[in-house]
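The values are calculated or read from the model by the stated rules, or taken from the named source; none is laboratory data. Predicted, not measured: the structure shown is a model, and the values here were computed from it. When we count neighbours, we look across all protein chains shown, and the Cβ atoms used for this are built from the backbone with ideal geometry, even at glycine.
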There are 2 protein chains.
Amino acid sequence: MNLKTLAIVAATILFSGTGFAQTSPSIKDDFKPSTFNQPGQEYPQVNSQGYARFRIVAPLAQSVVVSLGLGGTSGGTVLSKGADSVWTGTTKGPMEEGFHYYHVTVDGGVFNDPGALNFYGSTRWESGIEIPAHDQDFYALKDVPHGHVHQILFPSKSTNTSRRAFVYTPPGYEKNNSKRYPVLYLQHGWGEDETAWSNQGRANLIMDNLIAEGKTKPFIIVMTYGMTNVVRPRAGGLRSFDIKPFQTVLLDELMPYVDATFRTIPNQANRAMAGLSMGGFETHTITLARPDVFSHYALLSGGTYKPEEIKDKSKVKLIFLSTGQFENPDGISKATEALKTAGFNAVSYVSPNTRHEFQTWRRSLHVLAPLLFKD
Amino acid sequence: MNLKTLAIVAATILFSGTGFAQTSPSIKDDFKPSTFNQPGQEYPQVNSQGYARFRIVAPLAQSVVVSLGLGGTSGGTVLSKGADSVWTGTTKGPMEEGFHYYHVTVDGGVFNDPGALNFYGSTRWESGIEIPAHDQDFYALKDVPHGHVHQILFPSKSTNTSRRAFVYTPPGYEKNNSKRYPVLYLQHGWGEDETAWSNQGRANLIMDNLIAEGKTKPFIIVMTYGMTNVVRPRAGGLRSFDIKPFQTVLLDELMPYVDATFRTIPNQANRAMAGLSMGGFETHTITLARPDVFSHYALLSGGTYKPEEIKDKSKVKLIFLSTGQFENPDGISKATEALKTAGFNAVSYVSPNTRHEFQTWRRSLHVLAPLLFKD
């Protein structure tokens, strides 16, 4: 080992521990429990700059590493064992605003943080942490009228079971028995499920707040599981995905149940489909295959439409394309321009300083909702 | 140490390992994934005799112990590390039928089993396992019409927030806009929350199945958090519990919201309150304090009523007392006899071969529901 190599190794060691961050004068000492902690749990904590601090009890462990580090989902934070046999550590830098999945590796085993609530992502229930965002007001729990999120179990002949979906009905839905509503079918991403848009996406609170401010037309949102054919989600990736079983469940089983059970306006003009990531791929495929069903299409970090893919322009009322700033803003922007040039009502949205994560999608829904079902 | 002591120690050692169970010819090799596993997860597994088998990956750990052992919630199962660095182990005997909370202690730290779904109990989200029961049909997911479980957020001035509750509406609730329903307010136990009765209790499936068989009058069930005053549930036990804040939320805030939002029959004759364990204590206290509100009372492993506690016998339509066979069947039986002698319509139920756990309470609800709101 020569001197240069040694210097690099030393520098790596200096910056790979948590000591650097914990002793840095630039870290503000205003850590508070994450809003997504389990009741009464003090850790994990977040400070006003977005640093996260973790605390894990495992007195006999040799190694405890949290999967979150500087920035977004990359990197990790190696915890150190204190005199009290408790492992603690702080991220090496501020995390990006919004929601992040994470887990804790204890002596080579992957577990959840006992302090945090769990959210379904990466085909498992993972720990989640919320980094306060400058614009968090739009998805905050406020003293406004709240809609309901119904857990429904609808019959599915094609899969020979009762399947679960969640249905958001806007505030006041129960009051006026003659009022009918448009419907948005809203899909999660790969490895997530029908709980994602309410739990980590806060779709119901986003809608409650928008409706209270008079910024959107009230509508129903339907959220169901999109990886219908994947029996063992951990075993197969996107390559084993087949759209057919999901399309059958969505259009031939769930939609008739929703139209028969809820006071929907059951026609193409009042039906939208949107999805994030893999849910965008599903939206793209199904809206193109069945232009008679949906009139509003939205892909959130989920690709684009080309004008030539759409056979009958008159059937499409809105195409919404969004992405995180650190994803593919140029691609979204070019695709939107091409759609506009071809005469479509196309709108694009780029979420500032976010990547392929729920803060991008919360913001996207917040921008999308007011554009839907305009008369 | 004399010989007798040594013999006892030796016997203890012989029976405390997992080797005994794993090599016993009496254990049937028909293990299947627990029905409460996370999607696609093979472990934990359960066999037809009720043995549970666990598998935890933590290659560098020195000790992995599962909190479940022989029988119910007592004891533990020490896992052993295999050649593949994976920890496995089987309970030393069959588990009791039904649902059990558990956790995994890895090198002194308490974590959840990454293979199992989580359920809120003991003031945290814990792993859960389902041991197939001989009578599991009554809470199985079947091809029958299903009610909805609504997540509602109701305004609470006394606690200065929007609080969450779950409301079960029976199948067909949406179809007939003029039909109104009685309401059961159903409380969880200490350390649990408003998710317990649907998730581990399967209250919605029990009702769906009873209604499909024509065995119960359809009614609405309202479930909310009962430890209202306990800001940090882990810090305080029952001693820090105060009924007043909960009673205010339940009667002055939640009930008016429910009656204004759902098609209830908003009178005393059509209102029941029931609770398990601490929820029974709450039911007992509130029904006695406010005889004008509820007409049907049910305590599930939650104590008894004495005839002299009830001021106006004419206001009480039903008193239901239940318990697990391994809890306090004599106490329940004597209290019920005393109530009957005093002229009350009292019914008792003892759940066979169960203790203070959800199988007792699932069965109790199954027996209770058909007794409620009889004309």
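Looking at the stretch A:95-106, can you tell me whether even one residue there is of a type in the set (Asp, Glu) and facing chain B (nearest Cβ under 9 Å)?
Of the stretch A:95-106, the ones of a type in the set (Asp, Glu) are A:96-97.
Keeping just the survivors that are facing chain B (nearest Cβ under 9 Å) gives none.
No: the stretch A:95-106 contains no residue that is of a type in the set (Asp, Glu) and facing chain B (nearest Cβ under 9 Å).
Only one of the numbered conditions (1) closer than 17 Å to residue B:197 by Cβ; (2) of a type outside the set (Phe, Trp, Tyr); (3) over 18 Å from the mean Cα position of the chain (by Cα) is not met by residue B:332, and that is (1).
Taken as a whole, the stretch A:334-345 holds no residue that is without any contact (Cβ under 8 Å) to a residue 12 or more places away in the chain and within 28 Å of residue A:100 (Cα to Cα).
Sub-6 Å Cβ pairs linking a first residue in the stretch B:45-69 that is touching a residue at least 40 places away in the same chain (Cβ under 8 Å) and more than 14 Å from chain A (Cβ to nearest Cβ) to a second residue that is part of a loop (DSSP other than H, G, I, E, B) and not charged (D, E, K, R), at least 6 apart or interchain, are B:46/B:34; B:49/B:94; B:50/B:94; B:51/B:27; B:51/B:91; B:51/B:94; B:52/B:44; B:52/B:91, ordered by first then second residue.
For residue B:26, the criteria (1) of a type outside the set (D, E, K, R); (2) at pLDDT below 95; (3) part of a loop (DSSP other than H, G, I, E, B); (4) surrounded by 12 or more Cβ atoms within 10 Å (Cβ to Cβ) hold in every case but one, which is (4). Taking each residue of the stretch B:212-224 that is assigned by TED's automatic domain parsing to the domain that holds residue B:194 and within 24 Å of residue B:152 (Cα to Cα) and looking for partners that are modelled with pLDDT under 95 and of a type outside the set (Gly, Ala, Ser) with beta-carbon atoms closer than 6 Å, six or more apart or interchain, yields nothing.
Residue pairs whose Cβ atoms lie under 6 Å apart, sitting 6 or more positions apart in sequence or on different chains, and linking a residue in the stretch B:191-202 that is within 11 Å of another protein chain (Cβ to nearest Cβ) to a partner that is β-branched (Val, Ile, Thr) and surrounded by 22 or more Cβ atoms within 10 Å (Cβ to Cβ), are B:191/B:123; B:198/B:149.
Is there a residue being acidic (Asp, Glu) and either more than 10 Å from every other protein chain (Cβ to nearest Cβ) or more than 27 Å from residue B:204 (Cβ to Cβ) (or both) anywhere in the stretch A:141-153? Steps first, please.
So in the stretch A:141-153, the residues acidic (Asp, Glu) come out as A:143.
The next check asks that each one be either more than 10 Å from every other protein chain (Cβ to nearest Cβ) or more than 27 Å from residue B:204 (Cβ to Cβ) (or both); those that pass are A:143.
Scanning the stretch A:141-153 turns up at least one residue that is acidic (Asp, Glu) and either more than 10 Å from every other protein chain (Cβ to nearest Cβ) or more than 27 Å from residue B:204 (Cβ to Cβ) (or both).
Among the residues making up the stretch B:189-203, those that are hydrophobic (A, V, I, L, M, F, W, C) and either surrounded by fewer than 23 Cβ atoms within 10 Å (Cβ to Cβ) or under 16 Å from residue B:100 (Cα atoms) (or both) are B:190, B:196, B:197. Go through the stretch A:356-368 and report how many residues are surrounded by fewer than 20 Cβ atoms within 10 Å (Cβ to Cβ) and under 13 Å from the mean Cα position of the chain (by Cα). Qualifying residue count for the region: 1.
Can you pull out the residues in the stretch A:210-255 that are among the small types (Gly, Ala, Ser) and modelled with pLDDT of 95 or more? Break it down into steps so the answer makes sense when it comes.
Step one: list which residues in the stretch A:210-255 are among the small types (Gly, Ala, Ser), which gives A:212, A:214, A:226, A:235-237, A:240.
Within the stretch A:210-255, A:212, A:214 meet the criteria.
Out of A:85, A:122, I need the residue that is without any contact (Cβ under 8 Å) to a residue 40 or more places away in the chain, more than 18 Å from residue A:205 (Cβ to Cβ) and among the polar types (S, T, N, Q). Which one?
On the way: A:122 fails: without any contact (Cβ under 8 Å) to a residue 40 or more places away in the chain.
The unique qualifying residue is A:85.
Within the stretch A:127-140, the residues that satisfy the criterion of being within 13 Å of chain B (Cβ to nearest Cβ) and in a strand (DSSP E or B) are A:127, A:128. Residue B:116 - would you say it is within 19 Å of the chain's Cα centre (by Cα), under 30 Å from residue A:168 (Cα atoms) and surrounded by fewer than 19 Cβ atoms within 10 Å (Cβ to Cβ)? In short, no.
Check the stretch B:51-60 and report whether any residue there is β-branched (Val, Ile, Thr), surrounded by 17 or more Cβ atoms within 10 Å (Cβ to Cβ) and at pLDDT below 95. Spell out how you get there, then give the answer.
In the first step, residues of the stretch B:51-60 are kept if they are β-branched (Val, Ile, Thr); the result is B:56-57.
Pick out the ones that are also surrounded by 17 or more Cβ atoms within 10 Å (Cβ to Cβ) and you get B:56-57.
From the residues that got through so far, the ones that are at pLDDT below 95 too are none.
No, the stretch B:51-60 has no match at all.
Residue count for the stretch B:167-201, restricted to those that are in contact with a strand residue (DSSP E or B) (Cβ under 9 Å, 6 or more places away or on another chain) and within 19 Å of residue B:124 (Cα to Cα): 14. Remark: pairs (first residue in the stretch B:160-185, under 14 Å from residue B:217 (Cα atoms) and polar (S, T, N, Q); second residue in a strand (DSSP E or B) and at pLDDT 95 or above; Cβ separation under 9 Å; 6+ apart in sequence or on different chains) = B:169/A:150; B:169/B:148; B:169/B:149; B:169/B:150; B:169/B:181; B:169/B:220; B:169/B:221.
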